[in-house]
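*Asks:* Would you mind keeping the following structure in view while I ask a few things?
The values are calculated or read from the model by the stated rules, or taken from the named source; none is laboratory data. Just so you know, these numbers come straight off a predicted model, no measurement behind them. Cβ placement follows ideal geometry from the backbone for every residue including glycine, while neighbour counts extend to all protein chains displayed. The area values use the complete protein model at the heavy-atom level, side chains included, leaving out ligands, DNA and RNA. Shrake-Rupley method; radii C 1.70, N 1.55, O 1.52, S 1.80 Å.
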Amino acid sequence: MKIDWAALGSVFGVSLVATVALVGLFTLGIVGLSKQEQAAAQGGSATLARTGAYACFALCAAAVAYGIYLIVA
Amino acid sequence: MEHITLLLTIVVVTALVFDFTNGFHDTANAMATTISTGALKPKTAVAMSAVLNLVGAFLSVEVAKTISKGLVNEEGIQPEVILAALVGAILWNLVTWLVGLPSSSSHALMGGLIGATVASIGVSGVNGDVVVTKVLIPAVAAPLVAGIAAMLSTRMTYRLDKKADKKTTDKGYRAGQIASAGLVSLAHGTNDAQKTMGIITLALVAGGVLAPGSNPPVWVIVSAGMAIALGTYLGGWRIIRTMGKGLTDLQPQQGFAAQTSAATVILASSHLGFSLSTTHSVSGAVMGAGLGRKGGVVRWSTATRMFVAWGLTLPAAGLVGAGSEYVARQGDWGVYVVAAFLVASCFGIWLVSRRQVVDHTNVNDVESEAEAVPLATAAATAVAEPAGVVTTAIAAVTPPPAGSVAAVTDDDLKTTIPAPNPADPAAPPAPAAAV
């Protein structure tokens, strides 16, 4: 019996890193947006927070696109 | 296609029924967390999942071409064997749906296939190593991998968003969750609809209608895609309830982390060559997300019932598959008896399910142990017949899911002895007195 530990290990590693990275990015994006809203409510603006948030969301969207590519390919 | 026999027709229709139950059973994987956190309305969620499943079915035919490869020796596989395997898988899917437990449709199918093959050509027809490496190890690994990933990411997301405004974040998490759930649906369509296409193609090849090695014909692709989408749309609400509410209570953050983890694990595993079951990954991810929140709880009693169901999937579907194969082998009348038995038991299970309807209106009501257990009992009572030694032994070990076991094993007895068939639809009135 040959168990492909290497494949299992890489599935484990890749899943762990990718999930934590994606969820982290997305959370940062949400936090950024929320900061920007708070700032807007007080009459100011938080360009950095907003730009950062959009960058995070763009990366997440790229990850989703890659996911679709993996499914189709 | 000059000689599609009646037997082949029965096999094809049964395969489509299996496809339907597969969609029905696995809606929960994609949409349970989205529904329970309120990211999408129940009906919208299943409609979206159904469309994505249909789209997924048309994306490629790679999986269809590799179905069953390695697990059993394809040479000498008869349409009867495929029919028997499907009967085992469908019944297991329906019984687990009745008691509201998520379990892998692929494992049920493999179980049925193994059982039918053993009954047909003996133990030598099954590749034991492949069973361990492709079925048993993934069943343990999938929930662990997805669970740990979901737990860590849940922890992190709660730490990061501590200072953020709750209303904005909830909206964001919902959007993210919908995207992950969409990916899971799409992946499910490409994988599972194609399994059915593969089986139908296999049956057509075995029946001599198609040349070995051919691609699935267009009508097979279309009908398989439609069957899985229809099943998904109707939604296995009982399982959705268990997965979304029964295992743990999910907040938007947790739902997002769980669904993302499940989507990542499914995609990573199918592309790194260690295929993991969708159902197992999602269940693991949901439990991991439950553990990741401070004060979050996992209802281990529900989880234990689920694990027991996973363990029983192979033997139960295998037993029914073996029994069906034994009867179907007797000739044309055997095939009809198996088909009639399948219809009768599906109808019986459906009747039992009507006693306590779970649909899109009450899917988010808190699932109680009290609800699931009488159902299991009802299932057992519906087919109350002298239980075999195995049934009794298992019943002694694990009280709650025993109902499902009893149902399956007794169904199997019925396959072997065709006579009690008509008793099935007639049985459901019995629980009225019992419950």
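*Asks:* Return the residues of region B:122-145 that are open to solvent by 40 Å² or more (accessible area, probe 1.4 Å) and in contact with a helix residue (DSSP H, G or I) (Cβ under 7 Å, 6 or more places away or on another chain); say none if nothing qualifies.
*Replies:* B:144 - this is the single residue of region B:122-145 that is open to solvent by 40 Å² or more (accessible area, probe 1.4 Å) and in contact with a helix residue (DSSP H, G or I) (Cβ under 7 Å, 6 or more places away or on another chain).
*Asks:* Is it the case, given these coordinates, that residue B:350 is open to solvent by 30 Å² or more (accessible area, probe 1.4 Å) and over 20 Å from the mean Cα position of the chain (by Cα)?
*Replies:* So residue B:350 does not fit the description; no.
*Asks:* Taking residue B:344 as meeting all but one of (1) open to solvent by less than 70 Å² (accessible area, probe 1.4 Å); (2) touching a Gly at 6+ places or on another chain (Cβ under 8 Å), write down the number of the exception.
*Replies:* Result: residue B:344 passes all but (2).
*Asks:* Quick one: residue B:9 ticks every box in (1) open to solvent by 40 Å² or more (accessible area, probe 1.4 Å); (2) among the β-branched types (Val, Ile, Thr); (3) at pLDDT 90 or above except a single one, so which number is it?
*Replies:* (3)
*Asks:* Something else: Could you say whether any residue in region B:321-332 is of a type in the set (Phe, Trp, Tyr), touching a residue at least 40 places away in the same chain (Cβ under 8 Å), in a helix (DSSP H, G or I) and open to solvent by 30 Å² or more (accessible area, probe 1.4 Å)?
*Replies:* Yes, there is a match, as at least one residue in region B:321-332 is of a type in the set (Phe, Trp, Tyr), touching a residue at least 40 places away in the same chain (Cβ under 8 Å), in a helix (DSSP H, G or I) and open to solvent by 30 Å² or more (accessible area, probe 1.4 Å).
*Asks:* Restricting to region A:24-60, count the residues that are open to solvent by less than 60 Å² (accessible area, probe 1.4 Å) and closer than 15 Å to residue B:264 by Cβ.
*Replies:* 4
*Asks:* Between B:260, B:248, B:264, which is more than 21 Å from residue B:15 (Cβ to Cβ) and away from chain A (no Cβ under 14 Å)?
*Replies:* B:248
*Asks:* Follow-up question, since we're still on this one. Under 7 Å by Cβ, and 6 or more places apart or on different chains, what pairs join a residue from region A:49-67 that is within 12 Å of chain B (Cβ to nearest Cβ) with one that is of a type in the set (Phe, Trp, Tyr)?
*Replies:* From region A:49-67, the pairs are A:56/A:26; A:60/A:26.
*Asks:* Right, residue B:291: more than 14 Å from chain A (Cβ to nearest Cβ), farther than 25 Å from residue B:97 by Cα and either modelled with pLDDT under 85 or assigned to a loop (DSSP other than H, G, I, E, B) (or both) or not?
*Replies:* no
*Asks:* Can you name every residue in region B:163-172 that is in a helix (DSSP H, G or I) and within 7 Å of chain A (Cβ to nearest Cβ)?
*Replies:* Across region B:163-172, the qualifying residues are B:168, B:169, B:172.
*Asks:* Having 3 or more residues that are of a type outside the set (Val, Ile, Thr) is the bar; report the helices (runs of 4 or more DSSP H) wholly within region B:73-142 that clear it.
*Replies:* Output list reads B:79-98, B:105-121.
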